[in-house]
Amino acid sequence: MTHIVDRRLNGKNKSAVNRERFLRRYRHHIKKAVSEAVHRRSITDVERGESISIPSRDIDEPVFHHGQGGRREMVHPGNHEWVAGDTIEKPEGGGGRGSGQGQASPDGEGMDEFAFQITQEEFLDFLFDDLELPNLARKKLKDTEAFNYVRAGFTNQGIPAKLDVVRSLRGAHARRLGLGGARKRKIRELERQLADLRSAADDADPVFSKADQIQALEEEIARLKANVKRIPFIDDIDLRYRQHVKEPRPATSAVMFCLMDVSGSMTQVHKDIAKRFFILLYLFLKKNYKKIEVVFIRHHTSAKEVDEEEFFYSRETGGTIVSSALRLMHQIIEARYSPAEWNIYAAQASDGDNWNDDSPICSQLLANQLLPLVQYYAYVEITPNDHQMLWYQYEEVQEHFPEAFAMQQIADPGDIYPVFRQLFERKAA
């Protein structure tokens, strides 16, 4: 068995292995603190980690120590309540103020809580720990960087760890049969001749007497047997080593379409909530999927594909025609993202306001053109008021596509993270 010891040094005053073990052990406390931090601060404030506090009672560990053991005799002062042989009941707990560490406190803690800091990377790991893109399927290989080593037969050269003993012995046996088979057959034939010659009567041949013939046969048999013995039991050419080759690992190709309404009906509060939702989505995608592509589409009366900077910070505004964004998304899919090669996802944020004549068109575009192509489509309506016509049209779409379409409402910034988790929570297998 091969043992590999990683002797690379950690940074100064750091222990990566111990830290990972510590984070795994107190995972529950850290996830709870991260969830509280999301509600306490802005979604966009992710350039720093978080301070985690763990109650002292949760970091105590059991220890083994030597007891007083043996037979001991002690003298205790007498009293008027107990006599020898009485059984003393266990005292009731909760009422004493024993000699604990530190002063007693109203909440029962006698020591300061243990506090430590997690990095931004660790914060995001716990933030998106149990989220995933739903219905992710294997598509064509694209931009593959990972490989698996698979068996690819045998080779004559290799390292001792990959030597296949059974295969090598099998080859050596076949070689010995091939090289010695003809000689052994010749030996058996000569031995039969020798036996016949010995059992035959003496002849009167003056040239080759019976004794000379027997001696010649015995010498030939001995020579052939010596040749057979010189065949090595195993040779270098018999050795076979297991061969492994790198095989591309199927890489999941995914694209996420982010559609945001920037029309005049979207107030600055609505736009800020939409931006926070998409920033959270963008961090989630970049954190968990290295090769995923993100397409940003902003729309008012017309839709436009923009880059990340313009999507989050542009102040463009106008009327509202939601179908323009859906049409542009369909055009981009046909031009660049074949459903046979890509997992396609979409998230749309809007206040629900739309031209009444356009909302039925949106539901038709979703049901007939987009949803058959995508794995998952999430719609978020940002409004504290009653729903608009677009919401009711999308409800009809959800009835026909319950697995591929989901919709939620966000009333204030505190709903962003809970709604996000509901849309992208990991489904049970």
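The values are calculated or read from the model by the stated rules, or taken from the named source; none is laboratory data. Note that the coordinates shown come from a computational prediction; the quantities given were computed from them, not determined experimentally. Cβ sites come from the backbone with ideal geometry, for glycine too, and all protein chains shown count toward neighbours. For the accessible areas, the whole protein counts, side chains as well, though only heavy atoms, and no ligand, DNA or RNA atoms are used. Shrake-Rupley method; radii C 1.70, N 1.55, O 1.52, S 1.80 Å.
Within the stretch 283-326, the set of residues being in a helix (DSSP H, G or I), farther than 18 Å from TYR345 by Cβ and free of Cβ contacts under 8 Å to residues at least 40 places away in the same chain comprises GLU309, GLU310, PHE312, TYR313, SER324.
So that you can scan it fast, the table gives a plain yes or no per residue for (1) touching a Gly at 6+ places or on another chain (Cβ under 8 Å); (2) more than 25 Å from GLU425 (Cα to Cα):
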residue: PHE257; (1), (2): no, no
residue: MET266; (1), (2): no, yes
residue: ALA274; (1), (2): no, no
residue: TYR282; (1), (2): no, no
residue: LYS286; (1), (2): no, no
residue: TYR313; (1), (2): no, yes
residue: THR317; (1), (2): yes, yes
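Given the condition part of a helix (DSSP H, G or I), over 16 Å from MET266 (Cβ atoms) and in contact with an Asp or Glu (Cβ under 8 Å, 6 or more places away or on another chain), answer yes or no: does some residue in the stretch 362-378 qualify? Within the stretch 362-378, one or more residues are part of a helix (DSSP H, G or I), over 16 Å from MET266 (Cβ atoms) and in contact with an Asp or Glu (Cβ under 8 Å, 6 or more places away or on another chain). Among the residues of the stretch 388-421, count how many are in contact (Cβ under 8 Å) with a residue 60 or more places away in the chain, small (Gly, Ala, Ser) and surrounded by 17 or more Cβ atoms within 10 Å (Cβ to Cβ). Final tally of qualifying residues: 1.
Filtering the stretch 200-251 to residues that are among the small types (Gly, Ala, Ser) and either open to solvent by 50 Å² or more (accessible area, probe 1.4 Å) or at pLDDT 85 or above (or both) leaves ALA201, ALA204, ALA211, ALA216, ALA222, ALA226. Tallying residues that are more than 19 Å from PHE424 (Cβ to Cβ) and either in contact with a strand residue (DSSP E or B) (Cβ under 8 Å, 6 or more places away or on another chain) or touching a residue at least 24 places away in the same chain (Cβ under 8 Å) (or both) within the stretch 373-387 yields 4. Of all residues in the stretch 339-368 being among the polar types (S, T, N, Q) and open to solvent by less than 50 Å² (accessible area, probe 1.4 Å), which is farthest from ALA303 (Cα to Cα)? Result: ASN343. Filtering the stretch 268-282 to residues that are touching a residue at least 24 places away in the same chain (Cβ under 8 Å) and β-branched (Val, Ile, Thr) leaves ILE273, ILE279.
One line per residue, one yes/no per condition, for (1) surrounded by 11 or more Cβ atoms within 10 Å (Cβ to Cβ); (2) at pLDDT 85 or above; (3) among the charged types (D, E, K, R):
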{"site": "LYS139", "(1), (2), (3)": "yes, no, yes"}
{"site": "THR144", "(1), (2), (3)": "yes, no, no"}
{"site": "TYR149", "(1), (2), (3)": "no, no, no"}
{"site": "GLN157", "(1), (2), (3)": "no, yes, no"}
{"site": "PRO160", "(1), (2), (3)": "no, yes, no"}
{"site": "ASP164", "(1), (2), (3)": "yes, yes, yes"}
{"site": "ARG170", "(1), (2), (3)": "yes, yes, yes"}
{"site": "HIS173", "(1), (2), (3)": "yes, yes, no"}
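Quick one: ILE187 ticks every box in (1) open to solvent by less than 40 Å² (accessible area, probe 1.4 Å); (2) in a loop (DSSP other than H, G, I, E, B); (3) at pLDDT 85 or above except a single one, so which number is it? All conditions pass for ILE187, except number (2).
Does GLY95 satisfy the condition of being farther than 30 Å from GLU218 by Cα, at pLDDT below 85 and open to solvent by 60 Å² or more (accessible area, probe 1.4 Å)? For GLY95, the condition - farther than 30 Å from GLU218 by Cα, at pLDDT below 85 and open to solvent by 60 Å² or more (accessible area, probe 1.4 Å) - is met.
The number of residues in the stretch 307-335 that are modelled with pLDDT under 90 and under 32 Å from the mean Cα position of the chain (by Cα) comes to 5. Note on the stretch 327-361: residues that are in contact with an Asp or Glu (Cβ under 8 Å, 6 or more places away or on another chain) and assigned to a helix (DSSP H, G or I) amount to 2.
Total residues in the stretch 258-270 satisfying the condition of being surrounded by fewer than 20 Cβ atoms within 10 Å (Cβ to Cβ) and either touching a strand residue (DSSP E or B) at 6+ places or on another chain (Cβ under 6 Å) or not small (Gly, Ala, Ser) (or both): the figure is 3. Screening the stretch 402-417 for residues that are closer than 19 Å to TYR282 by Cβ and modelled with pLDDT of 80 or more and picking the one that is nearest to the chain's Cα centre (by Cα) gives ALA406.
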